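Bear in mind these aren't lab numbers, they're just calculated from the coordinates by the rules spelled out. On a predicted model such as this, the values are computed, not experimentally measured, just so you know. Every residue, glycine as well, gets a Cβ built from its backbone with ideal geometry; the counts of neighbours run over all protein chains shown.
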């Protein structure tokens, strides 16, 4: 798949699609509707703005006091039910803490990649890694989520993991809305600008640095356009490559060809020097299980190929 493969660290980046393989898996819409007091979500495609709609309704409700009724799809919204950010994040942490890991976490752990990065809020990966004989060395930087949350050791192999959008263990770290994402982009920008300006002291334990200097495999992640932090990272990476500030590493995005397949997104990723691997989807009852097993085999073969090179 890759020309001129060099022996470098491997990184597995995974999203909520992995959770959806389990019986407890829920989409973001279902989770937000469940934990919101109002139970009503607007027809907005952008998830970060959908969250802002839920937590910032006060000014809109002043209209109700002047005789106007706010409705979505014909359903009146009671003005007394106002969700706060604290309430939403507390309820989200409680809800996710009750979930169980899908079977696929064991397969992800079995890859024994050097680094694991996820947008999920849970630490489901910890248990299967421990079952493989890894011990938790430390838990660092959990409040500053650019840094690794956990480091695992077995013999001479170190594995680091990041929950880059926050962790249910500390609900204040959970990123949900546009406000959270925008502040996060500023932190990412500091790292990318430091590299662009040849400044020393860039934190090599940050996930953006890892994503620039390892072989990265992205799976189970829709990479929606509201994921401004990740799109910003990818566009900055492309600029750094064009300026010869960094060498191009291999970032691979595994795109399952179901209803969510977006050829425009594929072309954009390819323009940003991301390799896209199309994954067959046969529409059978266990089509997603087949697709993810196919992705697992592809990643496993690539990691072993690099290790043996």
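For the pair residue 95 and residue 300 in one chain, pulling the backbone fully straight at 0.36 nm per residue adds 70.6 nm over the alpha carbon distance. Taken along the Cα-to-beta-carbon direction at a fixed 7 Å, the label points for residue 56 and residue 241 span 3.4 nm. Ordered by the number of other Cβ atoms lying within 10 Å of each residue's own Cβ, fewest first, 213, 250, 149 fall into the sequence 213, 250, 149. Placing pseudo-labels 7 Å out from each Cα toward the beta carbon at residue 46 and residue 137 gives an inter-label distance of 4.0 nm. Under Stokes-Einstein, with the Kirkwood radius over Cα pairs as Rh, the value for the stretch 193-258 at 25 °C and 0.890 mPa s is 187 µm²/s.
The ratio of the alpha-carbon radius of gyration of the stretch 144-222 to the globular-protein estimate 2.2 N^0.38 Å is 1.21.
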